[in-house]
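Below is one structure; the comments refer to it alone.
The values are calculated or read from the model by the stated rules, or taken from the named source; none is laboratory data. Here the structure is a predicted model, which is why all the values come from computation and not from measurement. Here Cβ is always computed from backbone atoms with ideal geometry, including for glycine, and neighbour counts include all displayed protein chains.
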Amino acid sequence: MTEAGTIQSPARLKNLFVILLLACGPSNSEKLWESYQESLTEDILIQARRENPGLVLNYTPDMLNQTLIILEDKALTMAGKYIKHLGLPTPQRILGDRLTREILRETSYGLNDLNKYISRNEPLLLPDQRTAYNAILDRINRNTGGIIFLDAPDGTAKTFVINLLLAKIRQQSKIAIAVASSGIAATLLHGGRTAYSTLKLSLNLTQCETPLCNISKGTGEAKVLQECKLIVWDECTMAHKQALEALDRTLQDLRGNGKLMGGAVLLLAGDFHHALPVIPKGAMADELKACLKASYLWRHVHKLELKTNMRVHLQGDAATGRFAQQLLSLGNGKIAADPTTGLITIPNNFCNIVESIETLQTSVFPDIRRCFNDHKWLCERAILALKNDSLNAINLQIQQQLPRVDVSYKSIDTVVDIDQAIQYPIEFLNSLEPPAMPPHSLVPKVGSPIMLLRNLDAPRLCNGTRLCVKNLIPHVIEATILTGCAKGEDVFISRIPMVPNDMPFQFKRLQFPVRLAFAMSINKAQGQSLKVAPINLGAPCFSHGQLYVACSRVGTGKNLYVFAPDVSSAAYKLTPTGYDWGRSNTDRGNNPKGYAPSHYEKVQMSLSDRFVGFFMIPEQDIKDYATIHLVIGAPKSGTTTPASPVTQPEPPRAIPTPPLNPIGAFPFNLGGTPDMDNMNFADKLQQ
């Protein structure tokens with residue numbers, strides 16, 4: 001607090017103070033309040049002096065009480081907690097203020113602003129958007145209630161339609177609640193919050209047969225749900241089916257109505273091409289069993305569709321239209337997969353295939369030493385990967401290029417059960433990197449992008465919010481928000497204790513809840529739009545919708561880069577680019593990699609004239625399977641090579657291929673046979 005107080009305003013200090021109370025659990029909160037109450041109240045004193053220029057004013061109990069009210073409002077918004085439960089004095093409020101505050105939050109929208117927003121945007125609706133828009137409004141106006149699913153693939157202006165619906169209902173002085181399954185998606189909705197915090201859903205839904213929302217009658221939250229006309233739940237496909245069922249039971253109870261959703265209209269919006277609910281250590285069958293379509297409520301859902309891709313509609317570009325169709329084919333599983341490997345062939349015109357991680361990095365962050373100070377440029381790009389272990393190395397490699405000094409922050413790791421301290425030494429705890437947790441050693445630089453790993457102050461600071469480091473202080477990180485509704489705002493982030501929930505034992509890590517974000521996981525990217533999206537597919541996708549989510553972050557294939565080394569030869573078309581690449585990597589004397597190219601490199605080099613032939617040998621006891629042996633030799637006559645030829649190449653190596661039919665030896669003699677050119681060789685290899 002002392003460090004932050006020297007450089008920031010009282011308003012931002014209040015946010016930091018509440019986060020410390022909620023996340024860190026100070027041992028003596030009241031003493032902390034007494035130490036910083038004047039710093040927290042300074043803006044109220046300045047305002048009072050401005051309004052009363054003839055008076056000599058100082059801090060008064062009323063001013064301090066006003067600060068306590070602000071702190072409590074923030075604590076209630078962030079975590080639904082009164083500050084008396086956090087160790088602070090209870091502020092003096094007007095009777096019924098808490099109940100009124102919940103209603104005011106959902107009704108305090110400027111009528112003039114709503115009228116302007118509707119009149120400006122309603123005429124822009126396309127036919128399929130207007131059909132869905134009118135159908136939802138008709139259901140609300142007839143008070144018939146029920147559940148509607150708005151099926152909206154990426155790029156179909158789902159958020160635009162939802163925000164217009166919210167404005168239309170609020171224009172009529174009615175309550176419309178906007179929630180989303182992820183914090184990032186919530187920031188895109190007007191008045192949006194996360195579903196778990198707004199609906200008070202249990203974190204252990206699966207451990208109860210008939211779960212309910214933790215909302216009691218007579219509270220402000222209950223009053224809002226009783227009076228609301230519309231509840232919007234965006235990115236619903238990520239939600240567990242029991243969350244939907246818990247909301248249905250709660251609404252029926254609070255509203256005293258046995259109809260579906262207690263007679264309210266619930267609009268579910270999303271795309272089942274996206275990721276399904278995350279089931280720790282679960283298989284695909286577990287994800288399918290947990291998704292909304294497996295709920296007994298799904299048979300009552302009325303489905304509406306958005307089909308027009310706005311990226312294609314606005315740009316009118318044939319390439320963009322083709323990319324949108326290819327995305328849908330990918331999401332619908334219409335791209336044929338190899339029956340043996342289960343891998344698909346990426347079309348030539350779908351994206352840019354790169355040969356290495358280094359090329360992937362330079363494609364998204366060219367000239368980063370000069371451009372990293374441009375926040376707009378920084379938030380438009382990020383490398384997407386499947387697993388966190390590959391992200392860490394990429395993030396550190398890119399950050400090394402920044403012309404700044406890094407600062408190391410070490411976490412404090414302890415076991416929750418003190419009796420287990422001997423079994424799990426500190427060095428072991430430091431080595432652990434559970435998902436959704438910051439590393440033990442966090443080494444950011446000023447100018448580095450970081451990603452928040454916890455909901456601190458929704459919708460400003462949500463899990464997945466990207467920021468840019470502005471200042472590194474020993475106990476506080478000052479950063480500028482890059483995405484969301486608070487874009488451009490400076491905030492403080494402090495260390496908080498975090499306990500992973502997917503470990504066989506419990507340990508607590510006290511660390512800044514952030515990671516470097518030059519690269520991020522595909523799941524974290526869901527809900528975010530990028531201008532340039534390179535994808536590292538060094539490991540196979542392991543969950544439904546991951547490849548579709550990654551590819552759909554951009555609107556055109558020319559801004560999509562893919563590194564996928566472990567695929568069959570059919571996934572890489574043998575092109576002149578491949579020929580040139582193969583020549584450059586084989587004609588420079590001894591191969592810098594010790595003449596042990598990867599399978600991907602061997603396929604690319606197959607057009608190089610260094611390969612004078614190859615032959616196939618059937619594998620014993622394996623039907624319809626063979627290995628290809630490439631023979632490396634001198635170039636064909638008429639080709640130009642460097643002065644120093646390849647010396648003493650290793651013996652030919654066997655390359656496993658997909659099943660081949662018929663089995664037999666295919667001797668080729670490309671080097672000295674003029675009637676066999678590279679294209680014929682490529683055709684034979686693909687066959």
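Of note:
- Positions within the stretch 1-32 being farther than 16 Å from Ser494 by Cβ and touching a residue at least 12 places away in the same chain (Cβ under 8 Å), in sequence order: Ser9, Pro10, Ala11, Asn28, Glu30
- Every pair of residues 6+ apart whose Cβ atoms lie under 9 Å, when the first sits in the stretch 137-150 and is assigned by TED's automatic domain parsing to the domain that holds Trp298 while the second is surrounded by 18 or more Cβ atoms within 10 Å (Cβ to Cβ) and among the acidic types (Asp, Glu): Ile147/Asp248
- Residue that is surrounded by the most Cβ atoms within 10 Å (Cβ to Cβ) [pool: residues in the stretch 409-425 that are under 21 Å from His475 (Cα atoms) and in contact with a Ser or Thr (Cβ under 9 Å, 6 or more places away or on another chain)]: Ser411
- Considering only residues in the stretch 195-204 that are not in a helix (DSSP H, G or I) and not hydroxyl-bearing (Ser, Thr, Tyr), the one that is surrounded by the most Cβ atoms within 10 Å (Cβ to Cβ) turns out to be Leu201.
- Cβ-Cβ under 8 Å pairs, at least 6 apart or on other chains, the stretch 447-459 side at positive phi, far side not hydrophobic (A, V, I, L, M, F, W, C): Gly447/Asn373; Gly447/Arg404
- Residue match in the stretch 347-361 (condition: of a type outside the set (Asp, Glu), in contact (Cβ under 8 Å) with a residue 12 or more places away in the chain and closer than 30 Å to Val161 by Cα): yes
- Residues located in the stretch 57-94, provided they are of a type in the set (D, E, K, R), part of a helix (DSSP H, G or I) and more than 18 Å from Glu42 (Cβ to Cβ): Glu72, Asp73, Lys84
- Candidate set: the stretch 392-416, residues that are assigned to a loop (DSSP other than H, G, I, E, B) and at pLDDT below 90; chosen: the one nearest to Ser356 (Cα to Cα): Pro403
Okay, residues lined up against (1) surrounded by fewer than 17 Cβ atoms within 10 Å (Cβ to Cβ); (2) not in a helix (DSSP H, G or I):
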| site | (1), (2) |
| --- | --- |
| Ile184 | no, no |
| Gly191 | no, yes |
| Thr206 | yes, no |
| Asn214 | yes, yes |
| Gly218 | yes, yes |
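- Residue match in the stretch 249-267 (condition: under 25 Å from the mean Cα position of the chain (by Cα), in contact (Cβ under 8 Å) with a residue 12 or more places away in the chain, surrounded by 17 or more Cβ atoms within 10 Å (Cβ to Cβ) and farther than 20 Å from Arg142 by Cβ): no
- Residue count, the stretch 5-35 (criterion: under 27 Å from Val499 (Cβ atoms) and either surrounded by fewer than 17 Cβ atoms within 10 Å (Cβ to Cβ) or in the same structural domain as Asn471 (by TED's automatic domain parsing) (or both)): 7
- Residue within the stretch 506-514 that is aromatic (Phe, Trp, Tyr), part of a loop (DSSP other than H, G, I, E, B) and either at pLDDT 95 or above or within 25 Å of the chain's Cα centre (by Cα) (or both) present: yes
- Filter pass, Lys281 being on the phi > 0 side of the Ramachandran plot and part of a loop (DSSP other than H, G, I, E, B): yes
- Of the listed requirements (1) among the small types (Gly, Ala, Ser); (2) within 27 Å of the chain's Cα centre (by Cα); (3) assigned to a loop (DSSP other than H, G, I, E, B), Ser173 misses just one: (2).
- Of the helices (runs of 4 or more DSSP H) lying entirely inside the stretch 289-391, those carrying at least 2 residues that are more than 19 Å from Asp154 (Cα to Cα) are 357-364, 368-371, 375-379.
- Breaking point among (1) surrounded by fewer than 19 Cβ atoms within 10 Å (Cβ to Cβ); (2) at pLDDT below 90, for Leu461: (1)
- Residues in the stretch 279-299 that are of a type in the set (Ser, Thr, Tyr) and either modelled with pLDDT under 90 or surrounded by fewer than 12 Cβ atoms within 10 Å (Cβ to Cβ) (or both): Tyr296 only.
- Apart from one condition, Ile103 fits all of (1) more than 32 Å from the chain's Cα centre (by Cα); (2) surrounded by 12 or more Cβ atoms within 10 Å (Cβ to Cβ); the exception is (1).
- Across the stretch 367-408, the number of residues qualifying as surrounded by 14 or more Cβ atoms within 10 Å (Cβ to Cβ) and over 25 Å from the mean Cα position of the chain (by Cα) comes to 3.
- Inside the stretch 220-241, residues that are surrounded by 18 or more Cβ atoms within 10 Å (Cβ to Cβ), over 19 Å from the mean Cα position of the chain (by Cα) and in contact (Cβ under 8 Å) with a residue 40 or more places away in the chain make up a count of 11.
- Total residues in the stretch 301-328, condition among the hydroxyl-bearing types (Ser, Thr, Tyr) and closer than 15 Å to Leu560 by Cβ: 1
- Count of the stretch 65-118 residues, restricted to those that are acidic (Asp, Glu) and at pLDDT 80 or above, is 4.
- Screening Gly87, Gly54 for residues that are surrounded by 13 or more Cβ atoms within 10 Å (Cβ to Cβ) and farther than 22 Å from Val224 by Cα leaves exactly one candidate, Gly87.
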